Structure formats: C-alpha cells, structure tokens
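See below for the structure under consideration.
The values are calculated or read from the model by the stated rules, or taken from the named source; none is laboratory data. The structure displayed is predicted, hence computed values, not measured ones. Note: ideal-geometry Cβ built from the backbone for every residue, glycine included; neighbour counts use all protein chains shown. Note: areas computed on protein heavy atoms with side chains; ligands, DNA, RNA excluded. Shrake-Rupley method; radii C 1.70, N 1.55, O 1.52, S 1.80 Å.
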Amino acid sequence: ADPAAATAEDPAPAALADPGNPAAPAAPAAPAPRYDPWAAAPSPLHGVDVGRGGVAGRVVRLRHVVVGAVGVALVAGGIGGWLGVLAERESSTRLVLPQAAAGSTGRAPDSVAGIAASALPGVVTLHVRGGTGNGTGTGFVLDGQGHILTNNHVVSDARDITVTFSTGESVTARVVGRDTGYDLAVVKVDGVRGLHPLALGNSEDVKVGDPVVAIGAPFDLSNTVTAGIISATGRPITAGGDKGDGSETSYVDALQTDAPINPGNSGGPLLDARGRVIGINSAIRGAEKGDTERQGGSIGLGFAIPVNQAKRVAEEIIGTGRATHPVIGVTLDMRWTGDGARVGSRTGGGPAAKAGVQDGDVITKVDGRRVHSGDELIIKVRARRPGDALTLTVVRDGRERTLELVLGSANGS
C-alpha cells in the first residue's frame with residue numbers, strides 16, 4: 001500500500017494509536033456524522049463538560065446558581081411569611097391589656113353603693129292589674145308580718161297585685177287600706193319568710209342639701225338606684241284629683257329632691273345617708289299637656305311624702321284599715337284669689353269656732369309660716385296629727401289677729 005495514500009486517508013493516525021504500545025495498530029477512525037436538515041438543532045453547549053473551565057461552563061454554572069438562588073429565596077420567603085403569620089397569631093393570643101388588680105368589693109355603709117346594698121332587699125316592685133289597665137309601682141317592707149307601704153295611686157284601681165322582691169321572687173298581695181288625701185296605701189303579702197323591713201328615719205331632721213338615695217322601678221326597671229340631694233323642704237304639693245271634685249286630691253307638705261324619679265318610682269323609699277327612709281317618692285314635676293318645651297321624664301323636680309306623716313298613716317291603716325285626718329273645722333272659699341286662705345264658713349262647734357275663727361277671716365300664717373292659698377293651708381294642717389295645737393294668724397277687717405287652735409279629727413277615705 002502506498003504510505004502516502006494511507007496518510008492522505010488518515011491524516012492523524014498517530015493521534016489515534018495506543019500511547020502505551022507504539023507498535024499497536026491504530027484504531028479505525030469513527031465515521032463522520034451525516035448532516036440531517038430535519039433533526040433538532042443541538043444546543044451550542046451540548047456535550048460540553050460543565051466541570052471544566054471556559055465561557056460555556058461559566059454560563060451554565062451561572063444559570064444554575066441563579067435558579068438555585070431564586071428557589072432558595074422563594075422557599076425562604078414562604079417560610080418567613082408562615083413564621084410571620086404564626087408569630088402574629090401567637091402574639092395576638094397573648095395580648096394582655098393593662099387592668100387594675102382585683103380589689104375589695106365592700107363599700108362604705110354611707111356610700112350610695114353601701115346604702116343600696118343595705119336597702120334593696122327591703123324594696124319591692126308592684127305590678128297591678130286594674131279595671132282601666134295595668135301599672136307598675138314601688139313599695140318597701142314595713143315589718144316582718146308582710147306589710148308594705150306604697151302610694152294610693154299605685155293600687156287605687158287594683159284587682160290583682162303581684163309583689164316582686166329584689167331576688168326575683170314574686171307573690172300576690174292584697175290591699176289592707178288606703179288613703180287618697182295622703183296618697184298612701186298599705187298592702188300585705190302572706191307566707192313570705194326572711195323579709196327585710198327598712199328602718200324609718202325622722203323627716204323633721206332633714207336639711208336642704210342632705211344627700212339622698214331613691215330606689216324604685218321607673219318604667220318597670222326594677223331595683224333602679226338614683227342619688228341626689230334634698231332641694232327643699234315643706235314644699236306644698238297637690239296631686240291627683242282627676243275626677244274634678246277634689247275627692248281624690250292628695251295634699252303633701254313634701255320633701256323636694258333632684259334625685260331622678262320617673263313613673264314607676266311611686267311608692268319607693270327616699271333614703272338618707274344612713275339608709276333610713278325619710279320620704280316616700282310620690283310625684284314629679286314633668287311635661288304638661290301640650291307643653292313641648294318640657295321633657296316627659298325626670299327634670300330634677302321630684303317630691304316625697306315626709307316619713308313622719310307616712311308613718312302615722314301607715315300605723316292607722318294597719319290598725320284600723322283607714323287613716324284619720326286632722327281638721328280645723330272650716331270650709332274654705334277656693335275662689336278666693338287674694339293672698340292667704342279665706343274662710344267660707346265654720347263647722348258649728350268645731351275647733352275653729354272654739355278658737356274664735358269667724359266667717360270671712362283670711363288665714364295668712366300657720367305657726368308663723370306663710371300660707372298663700374287654701375291648698376297650702378290644707379297641706380300645712382294635714383302635716384300634723386289630730387290633737388296637735390296650732391297658732392293661726394288671721395286678718396279680719398284689715399287687722400291681724402293670732403288665735404290658738406287644737407286640731408280635730410276626721411276619717412279619711
């Protein structure tokens with residue numbers, strides 16, 4: 001064979017020989033790949049050793065590094081977000097707001113809370129069903145026998161009475177007696193144990209500015225406690241008289257208070273700073289018909305029957321079923337428009353006649369205190385007891401005279 005030809009056919013035989021055996025024949029060269037125009041084009045980096053240097057190797061390594069970094073970032077972000085949610089949930093469940101430590105629940109006896117705690121067991125709510133509808137009022141326990149004092153106007157039309165105590169226990173009650181002139185009534189519950197009678201104070205000791213607490217069921221909201229002061233004493237108040245003949249008019253020499261009192265408070269106790277009853281809440285000054293400038297609820301003008309007067313009436317009602325009224329033995333000219341109370345006529349042989357009162361006399365003072373109308377004279381008289389002595393100042397023929405009188409007695413209604 002021609003060595004030159006062989007060299008021409010295989011230009012690099014030495015490169016293919018076994019370097020460990022120079023005599024060994026060279027391996028035949030691999031045939032060159034055929035070009036296929038329809039085959040997929042190989043990647044420019046196909047077959048390149050990514051472990052070696054060179055531009056291609058660096059590009060491949062960079063791509064892998066970028067992909068790996070993005071993956072790590074995504075995983076780290078997900079884990080971080082999940083940990084953040086857990087941390088937020090954990091922190092929210094452990095949120096503790098500042099708060100005062102638990103303290104004593106006791107209150108001073110002369111505080112509003114202390115007075116209320118002591119008195120509430122003795123205060124009741126009355127639900128009354130009558131011929132003209134249903135109503136709500138308040139009362140308080142007088143003794144261990146079940147006698148309860150309230151207002152006459154609370155039970156005057158009663159057919160059925162339910163008494164509810166502060167514990168929520170309810171029992172039926174019956175009317176023992178009532179008096180329209182004093183707007184007081186006594187009802188009684190039977191078979192109730194553990195009653196809490198309220199202590200009675202002395203309304204003669206009350207002074208303007210004294211703190212007071214009222215308890216009742218305004219608008220049927222039982223066990224409502226309000227507080228205020230005594231705004232005035234000896235305030236002449238008339239209430240009722242819806243029939244127009246004066247037969248149901250009550251006359252009260254009232255204690256005035258700014259403690260909020262509303263419908264439903266009627267008959268409830270007005271208590272002093274020692275928790276003693278000094279008055280029976282009975283009336284408020286509220287809106288008048290057609291008066292849109294006054295509100296319908298409490299405007300800070302409440303009136304209570306002095307307990308000294310209520311005590312006497314309650315004792316008589318419990319004892320006899322009715323109360324007596326002190327009288328001076330005259331009829332009054334209610335059409336009189338001047339100052340004072342004008343005597344229309346005397347009752348023959350009554351206290352006024354014995355004291356020297358004459359028809360037409362104008363009574364201007366009772367025990368030195370001015371009276372400006374017939375209603376005020378009745379109120380001042382009703383505040384006393386039968387048999388009490390009064391000093392009347394009268395004007396007769398333009399001259400002022402002083403007369404001594406002992407009050408008589410008449411049965412109430």
Out of all the residues in the stretch 371-383, is one or more open to solvent by less than 60 Å² (accessible area, probe 1.4 Å), touching a residue at least 40 places away in the same chain (Cβ under 8 Å) and within 30 Å of residue 145 (Cα to Cα)?
-> yes
Which of the residues that make up the stretch 229-252 are on the phi > 0 side of the Ramachandran plot and either acidic (Asp, Glu) or modelled with pLDDT under 85 (or both)?
-> 240, 241, 244, 246
Condition broken by residue 193, with the remaining ones in (1) within 22 Å of residue 309 (Cβ to Cβ); (2) at pLDDT below 95 satisfied = (1)
Return yes when residue 201 is modelled with pLDDT under 95, closer than 25 Å to residue 234 by Cα and surrounded by 18 or more Cβ atoms within 10 Å (Cβ to Cβ) and no when it is not.
-> no
Residue check, residue 107 against (1) in a loop (DSSP other than H, G, I, E, B); (2) among the basic types (Lys, Arg); (3) in contact with a strand residue (DSSP E or B) (Cβ under 8 Å, 6 or more places away or on another chain), all met but one. Which one?
-> (3)
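Being modelled with pLDDT of 95 or more, open to solvent by 50 Å² or more (accessible area, probe 1.4 Å), among the small types (Gly, Ala, Ser) and under 30 Å from residue 217 (Cα atoms) narrows it down to one residue among 296, 319, 290; which is it?
Only one candidate qualifies: 319.
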Among the residues of the stretch 235-256, is there at least one that is without any contact (Cβ under 8 Å) to a residue 60 or more places away in the chain, over 20 Å from residue 314 (Cα atoms), open to solvent by less than 60 Å² (accessible area, probe 1.4 Å) and in contact with a Phe, Trp or Tyr (Cβ under 9 Å, 6 or more places away or on another chain)?
-> yes
Within the stretch 322-344, residues free of Cβ contacts under 8 Å to residues at least 40 places away in the same chain, open to solvent by 40 Å² or more (accessible area, probe 1.4 Å) and not in a loop (DSSP other than H, G, I, E, B) come out as 331, 342
